[in-house]
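Undergrad: The structure is given below, and queries will be raised subsequently.
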Amino acid sequence: MIGAAAAWAASSASTATLIWAKSRSAKAFWWAFGGGMGARLVLLGALAVVSVKSPDLSQPGLLLSYALGVLAFLLLEYRHIELK
């Protein structure tokens, strides 16, 4: 649940930034895209650290739910944002 919620938060922020940047320029769009991917990577690292520090959390379950959540939200994001 925590991993999926983190994936949703990262994807929502990234999508909002991409929609805003798309109206500015192609360069701004690609910077926003790279920033969104970087934010997802940082969040993955933070979840890995949290899962190591908290013995009551299942590390494989947490990271797998995050990874699958990111993939699902990336597919949804792609459907809403297309370069024309």
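Undergrad: If you go through the range 1-44 one residue at a time, how many are over 17 Å from Tyr78 (Cβ atoms), surrounded by 17 or more Cβ atoms within 10 Å (Cβ to Cβ) and not small (Gly, Ala, Ser)?
TA: Summing the residues that are over 17 Å from Tyr78 (Cβ atoms), surrounded by 17 or more Cβ atoms within 10 Å (Cβ to Cβ) and not small (Gly, Ala, Ser) in the range 1-44 gives 2.
Undergrad: Something else now. Please indicate, with yes or no, whether at least one residue in the range 68-75 is in contact (Cβ under 8 Å) with a residue 24 or more places away in the chain, part of a helix (DSSP H, G or I) and more than 12 Å from the chain's Cα centre (by Cα).
TA: No, every residue in the range 68-75 fails to be in contact (Cβ under 8 Å) with a residue 24 or more places away in the chain, part of a helix (DSSP H, G or I) and more than 12 Å from the chain's Cα centre (by Cα).
Undergrad: Let me ask something additional. For the condition over 21 Å from Leu76 (Cα atoms), of a type outside the set (Lys, Arg) and not in a helix (DSSP H, G or I), what is the one hit in Leu47, Leu57? Reasoning before the result, please.
TA: Numbers: Leu47 fails: not in a helix (DSSP H, G or I).
Checking each option against the conditions leaves just Leu57.
Residues checked against (1) at pLDDT 85 or above; (2) under 12 Å from Trp8 (Cα atoms):
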residue	(1), (2)
Gly45	yes, no
Val49	yes, no
Val52	yes, no
Pro55	no, no
Ala67	yes, yes
Val70	yes, yes
Leu74	no, yes
Tyr78	no, no
Ile81	no, no
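Undergrad: Looking at the range 1-22, I want the residues that are farther than 13 Å from Gly35 by Cβ and polar (S, T, N, Q) and have a partner that is at pLDDT 85 or above and surrounded by 15 or more Cβ atoms within 10 Å (Cβ to Cβ) with Cβ atoms under 6 Å, at least 6 apart or on another chain. Which pairs are those?
TA: none
The values are calculated or read from the model by the stated rules, or taken from the named source; none is laboratory data. What you see is a predicted model; the values in this text were computed from it and never measured. With ideal geometry, Cβ positions are generated from the backbone for all residues, glycine too; neighbour counts draw on all protein chains shown.
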